[in-house]
Structure formats: C-alpha cells, structure tokens
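Derivation of every value follows stated rules applied to the coordinates shown; laboratory data play no part. Since the structure is predicted, the reported quantities are computational estimates derived from the model, not experimental observations. Heads up, the Cβs are rebuilt from the backbone with ideal geometry, glycines too, and the neighbour counts pull from every protein chain shown.
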Amino acid sequence: MPFQHICITGGLGFIGSHLVRLALTRWPGVRVTNLDLITYAGNEANLADCCGRPEYRFVRGDVRKPADALAALDGCDAVIHLAAESHVDRSILASDDFMTTNILGTHVMLEAARKVGVRRFLYVSTDEVYGSLPEPLAADEQYPLRPRSPYAASKTAADLLVQTYVTTHDFPALITRSSNNFGPYQYPEKLIPLFVTNLLEGRKVPLYGDGLNVRDWIYVTDHCEALAVVLERGRVGEVYNLGGGRGRTNREICDRLLAGLGKGESSIEYVADRPGHDRRYALNCDKIGRELGWQPTHSFEQALTATIEWYRTRRDWWEPIKSGAYKAYYEQQYGSRAKRSS
Ligand code: NAD
Ligand code: DAU
C-alpha cells in the first residue's frame, strides 16, 4: 500500500463505516483517521468492533470547519471524503445543511488537504449527478451532469469543485460516482432498510408514485472495494462510475422484500410521489472494469437476503434509531403523503 495514513470523512455513516473496516483489514499497518460530526446519520455503534484498534483514530469534528479538517488531516497522506448529508427526501424538506456540508465542507477538505500536501484525495460522488436517463441510455463518465434534486445539485457542485482543483492547482484528486448502495448499517430512512424494518414491525411500506422508478443497486462492500482500488491504482484527475450492473424498479425491490419477510401485497401503501422524482438512473461502468479490473462480486439476490437477515437479527441496532427524533421525521415525511394519496 503506497499510503501510510488515510483520513476517511463520514466514517460513522453507512458506507464510511464499512470503508473504515475494510481499510483496517486490507492495509495492515496503515493508520486510519475517521473525521465525523455524528449527525443523526452518524452512529458510533457502526464501528464498535474497531474503536479499540491502535491504528484507528476517531476525530469528532465538522468538515465545514477548517480547524477540524486540519486536526484530522495531521500526518495524513491520503483522504477519502464521504461526509455528507445523503438523503434526497431530507434535501427536499430543508436543504441548508446539504449546501454547507456537501459543498462548503468539500471546499474546506480540499483546502486542508492542499495545505497538508496529501498524495491522493478521493471524492465519493454519486450517479445522481447525471439526473434521470431515458431508456436505453446508460451514463458514462462523459455524460452531461443534470442534477435534479437539492441533494444531487450539492453533490454535483462539489464534484465540479474537485475537478477544478485538479486543473487549477494540479491537485491529486480522483472521483467515483456510485449507484444506490444497500447492506447492513444503512440508516432506515432509505428504501431498503426502511421497508425491511417497517415489515419487521408489522407496518406497511410507503411506495412512491407508481413504484416504477428504476435504480441500479450495489452491495456496500462492493462499493468499498472499488473505492480502495481507485485510491490505490486510479489515475489522478479521472472519474470512475461504479454500480451493480442493472436497473430494477422499486416495485421489484419491494416484491423481493415482501417475499423475503413472508408478507403480501396488502403491506404496500402507495403514497404521493417524491417531488421531481428521478425516473431512472443507469450507469455505464466499463471504464473501471477496463482500467482497474474492478467489478462487483456479490450477487444482488444473495446480498439482499443477507441484508434482510442482518436487520432481522440486529433489532438492537435499528430499534433505538427508530424511536425519538426519527418518529418526528417519519411523520413529517410520510404523514401527509399517505393522506394525499387516498
Ligand atoms: P450517511 O448519511 O449514512 O453518512 C454520512 C456521514 O457523514 C454520517 O456519519 C454523518 O455523521 C457524517 N457527516 C454529516 N455531516 C458532516 C459534517 N458536516 N462533518 C463531518 N461529518 C459529517 O451517508 P452514506 O449513505 O454512507 O453516504 C456516504 C457518501 O457516499 C455521501 O457522500 C453520499 O453522497 C455518497 N453516496 C452514497 C450512496 C448511497 O447509496 N448511500 C451512493 C452514492 C454515493
Ligand atoms: O443513486 C445514488 C443515491 O442513492 C445516493 O447518492 C444517495 O445518497 C442515496 O440516498 C440514494 O438516493 P435515492 O433517492 O435513490 O435512495 P432512496 O433509498 O431514498 O430511494 C430509492 C428509491 O425508492 C427512489 O426511487 C425513491 C423510492 N422510495 C424511497 C423511500 C425512502 C420509495 O418509494 N419510498 C420510500 O419511502
């Protein structure tokens, strides 16, 4: 491994916690600093198994604050920047934190990383930068950026900002744009963990619109492997798409979850659609396969079964999350939506 000390931002979130775990096992002897604010989405329980490791250091801090960024980057020679507000629906309810954390926070991390002189800076972007694609198109890395939600716009702004640092400052940045992740430790506001935990609670699942929006799903550990490969061997200044390989409608995902949990169609509640709901995401991931030899190794079906099983056995993880402030969010997000659909 050509790096000695990696800073991972957002390492107490869903993808970040899997990435910290992967880094500690894939790169023995490499130090890992996790910079995380512990927002509603950050959870120390996600890394309970790593917190005693001597190579692991946690810094509670805000990527929007230069002093926090510099403190975390002390001694680091690489950065993987994931910290963000990540939920599209919340960006529709209130977008302030999306603009400050996702855009300004990325600027602060870039400036701090330049000062420290890191050798690589990997920005974790998203396929949402391409917007909604008509059949049969699949976006490659040259496809125009057409974000359509406040979340997607904030990620696109940061993605472009990172690119300007490469051209203007000769800064050693790389970008990945991933499709929808799923797996253990995903906060139960996103489709799969929300539906699984609702079904485990004996509740209905709120399917938006006609349920025929299409997403490409990737298992979270496949995503993290790809991030590791891009950090190790990606070409500086390049963008790499990564995804699971094929699109599925939300109704298909829903039907698989119902079957996996022994529930029927009566558990579906069709609710009012997400405003501006992107109809279809589709990625062409040939470049990362061709240049770096990466491809996902998990079958979607097996990974989904494992994910359902994880939530079935880890009520201790998600039940505390679904109490308290989550209930107010749920009511705000879904209370009027369900009524409007009837
Ligand atoms: P998440 O919401 O589960 O976790 C985000 C983490 O960032 C949390 O631990 C939170 O505490 C931390 N954070 C938020 N604001 C912060 C701040 N100001 N300073 C420091 N830490 C802060 O998110 P996720 O789903 O794991 O996504 C991680 C990254 O991957 C995001 O950049 C997201 O845009 C990107 N991404 C996610 C997906 C997906 O399907 N989840 C797909 C593609 C790209
Ligand atoms: O595509 C990558 C993006 O995937 C990431 O950049 C985002 O961080 C991540 O949150 C995710 O965004 P989506 O909006 O696609 O994910 P979400 O799980 O919120 O929704 C997936 C699909 O399911 C979407 O078409 C909306 C629908 N949906 C979602 C929820 C929460 C429902 O039908 N009902 C719901 O209750």
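Brief remarks on what is shown
- Helical content of the chain, expressed as a calculated mean residue ellipticity at 222 nm, amounts to -11500 deg cm²/dmol (DSSP H runs of 4 or more residues, -39,500 (n - 2.57) each, divided by residue number, nearest 500).
- Toward the positive end of the charge dipole of the chain, with +1 on the Cβ of Lys and Arg and -1 on the Cβ of Asp and Glu, the farthest Cα among Tyr187, Gly13, Gly247 is that of Tyr187.
- Diffusion of region 156-235 by Stokes-Einstein, at 25 °C in a medium of 0.890 mPa s and with Rh set to the Kirkwood radius over alpha-carbon pairs, works out to 157 µm²/s.
- Alpha carbon convex hull of the chain, projected area averaged over orientations, nm²: 16.1
- Cβ-placed point charges (K, R +1; D, E -1), dipole of the chain about Cα centre in debye, nearest 20: 260
- Separation of region 136-156 from region 207-270 is 17 Å, based on Cα centroids.
- When only Cα pairs below 8 angstrom with a gap of at least 6 residues are kept, the chain shows a relative contact order of 17 percent.
- Since only Gly29, Val88, Phe98 are under comparison, the one whose Cα sits farthest along the positive direction of the charge dipole of region 24-101, derived from C-beta charges on Lys, Arg, Asp and Glu, is Gly29.
- Angle between the chain longest axis and helix 14-26 axis [Cα atoms, degrees, rounded to 10]: 50
- Of the residues Gln302, Tyr329, Trp317, the one whose Cα sits farthest toward the positive end of the charge dipole of region 293-342, with +1 on the Cβ of Lys and Arg and -1 on the Cβ of Asp and Glu, is Tyr329.
- Region 23-62 shape via C-alpha gyration tensor axes, a/c threshold 1.5: prolate
- Listed by chain and number, the lysines whose C-alpha is less than 30 Å from the C-alpha of Lys287, apart from same-chain residues fewer than 8 away, are Lys155, Lys190.
- Rounded to the nearest 20, the Cβ-based charge dipole of region 19-153 about its Cα centre (Lys and Arg +1, Asp and Glu -1) stands at 500 debye.
- Per the Kirkwood formula applied to alpha carbons, region 76-234 shows a radius of gyration over Rh ratio, Rg over Rh, of 0.99.
- Seen through its C-alpha gyration tensor, with square-root eigenvalues sorted a ≥ b ≥ c, region 266-342 comes out oblate because a/c lies at 1.5 or above while a/b is not bigger than b/c.
- Each Lys and Arg adds +1 at its Cβ and each Asp and Glu adds -1 at its Cβ; summed about the Cα centre, region 115-200 shows a dipole of about 300 debye.
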